[in-house]
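The structure is given below, and queries will be raised subsequently.
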Amino acid sequence: PFRPCGRKAVVSTQSTGDITAWKEKLEQTITDTDVEIALLTNHKERAETALQNMNNPFEVAQENLATRSIRVAIDLVEDEVSQELNKEVEVINGIKDKLKQKVNEAFQQVCALQDAYNAMCDDLADKMHCLDVDQQCHSLTNQSANIGFHQNSSRIAKDIVMPDAWDSHSNYNTQRANSEIRASTALREVINNTIEQTANDLEAQRLRTEYAFRKRIHEVQMAKDELEWQQSNTKREIDVLMDDIRGLKQAITDKNKPLEVAETRSENRTYRPRVELCRDVPHDGLINEKNELQKTVSSLVDKHNTAEDALNQLKQTLNR
């Protein structure tokens, strides 16, 4: 049938086709953006989990440092274990800073994706509404019941946009979303690499710390065994010296009686009368005997004192 408004119907069809094309493109880009938001959110949560997992090794390293700080005297030394534990704390703090940065970057990127997503959803909603309007217009015929005259229907609204601007608007929204998707994809790869690298860094430092612990434990065990061996030898030497000292004391005691006898004999012989008080052979023999006994006692006393000094030195060594 003859349609005076046929040209307008063709224009409406073209408009509907353009809107449908953008509608499909927006829907696809919205889907892609939604998928990327989910993927990046998952990576963000993985980074947060990795960050949370740093608390336990950090507390262990700190606890080890605190425990080792109660070592006493010469054992309170800044050894390789202390150095590696401090290095481990430093590595963990560095890892936490890197992971925090990636979590913040992921949060910002999710926000950027969400903004692009919302802009496209608004654009799509407008397109859907416009499509409904154009489809309604396309369905109008001369026989339609809801047609009529409208005053100034051909007026140009003050906020009307040109076709190029209309096309550019959706093009900007989709390009912006695709740009954010590319940035998000790159960030996800960086997050993956960061999580993997930081885990490797922590494991490498953990192995260095454990090696330092094993090495130090071996060194301390060797030193302990050596000290115990020396302690055992020192105790044996002390026992020997104490036996020697007891023997020397007894020897000195044993010499006292013969000395007393010699001196008593010499003293008694001084009471011989007149010419009998003679420097005879017994007289010289008693003097020689007394001198020999005194020399022997003096030698024994010197040995006893030397042994006492050695015993005191051994006891000091044992108590160090």
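Read-outs: derived from the displayed coordinates by stated rules, not from any lab. The shown structure was predicted, so the numbers you read here are calculated from the model rather than taken from an experiment. So basically every Cβ, Gly included, is an ideal-geometry build from the backbone, and we count neighbours across all protein chains shown.
Nearest 0.05, what FRET efficiency do Q83 and N193 give at R0 = 22 Å with Cβ-Cβ as r?
0.15
Round to the nearest 10 and give me the degree value, 0 to 90, for the angle of helix 55-68's Cα axis relative to the longest principal axis of the chain.
Computed tilt is about 20 degrees.
How high is the relative contact order of the chain, given as a whole-number percent (alpha carbon pairs under 8 Å, six or more residues apart)?
Once normalised by length, the contact order is 25 percent.
Moving on. Using a cut-off of under 14 Å, list every residue of segment 223-244 whose amide N is near the label point 7 Å from the Cα of A310 along the Cα-to-beta-carbon line.
234-244
For the pairs K235/K315; K257/K295; K235/K303, note any where the Cα-Cα span goes beyond 18 Å.
K235/K303
Still on this structure: Putting +1 on Lys and Arg Cβ atoms and -1 on Asp and Glu Cβ atoms, find which of V81, A119, A47 reaches farthest to the positive end of the dipole of segment 16-129.
V81
Turning to a different aspect of this structure: Provide the per-residue ³J(HN,Hα) series for segment 274-279, in order, calculated from phi with Karplus coefficients 6.51, -1.76, 1.60 and θ = phi - 60°, each as a whole number of Hz, with x at glycine and proline positions.
With the stated coefficients, segment 274-279 comes to 6, 6, 6, 6, 10, 7 Hz.
For segment 254-263, in order, what is each residue's ³J(HN,Hα) by Karplus, 6.51 cos²θ - 1.76 cosθ + 1.60 with θ = phi - 60°, in whole Hz (x at glycine and Pro)?
For segment 254-263, the Karplus curve yields 5, 7, 5, 4, x, 5, 4, 4, 4, 5 Hz.
Right, another one. Between 0 and 90 degrees, rounded to the nearest ten: what's the tilt of helix 6-52 against the longest Cα principal axis of the chain?
The answer is roughly 10 degrees.
Anyone know which of H43, H304, H169 comes out most mobile in the 10 Å Cα GNM of the chain?
Highest fluctuation of the listed residues: H304.
Who wins for biggest fluctuation among Y172, Y271, Y211 in a Gaussian network model of the chain, springs between alpha carbons below 10 Å?
Result for the chain, Cα springs under 10 Å: Y271 fluctuates most.
On to the next question. Between D201 and E27, what is the FRET efficiency for a Förster distance of 41 Å, r being their Cβ-Cβ separation, to the nearest 0.05?
Here the calculated transfer efficiency is 0.40.
So what is the calculated 222 nm ellipticity per residue for the chain, using -39500 (n - 2.57) for each DSSP H run with n of 4 or more, over all residues, to the nearest 500 deg cm²/dmol?
Roughly -31500 deg cm²/dmol at 222 nm, from the helical runs in the chain.
Taking only Cα atoms, what is the 0 to 90° angle, nearest 10, from helix 80-139's long axis to the longest principal axis of the chain?
With both axes taken from Cα atoms, the answer is about 10 degrees.
Pick the calculated semi-axes √(5λ) of the Cα gyration tensor in Å for this structure from (i) 27, 25, 19; (ii) 29, 24, 18; (iii) 118, 13, 11?
Among (i) 27, 25, 19; (ii) 29, 24, 18; (iii) 118, 13, 11, the one derived from this structure is (iii).
Would you please give the residues with an amide H less than 5 Å from that of M54, counting only those at least 5 places away or on a separate chain, with H modeled from the backbone geometry?
Close amide H contacts, sequence-distant or interchain: none at all.
With +1 assigned to the C-beta of every Lys and Arg and -1 to the C-beta of every Asp and Glu, and no other charges, what is the dipole magnitude of the chain about the Cα centre in debye, to the nearest 20?
For the chain, the charge dipole is close to 440 debye.
State which entries of K44/K87; K100/K215; K100/K127; K249/K290; K25/K96 exceed 29 angstrom in Cα-Cα distance in the structure shown.
Beyond 29 Å: K100/K215; K100/K127; K25/K96.
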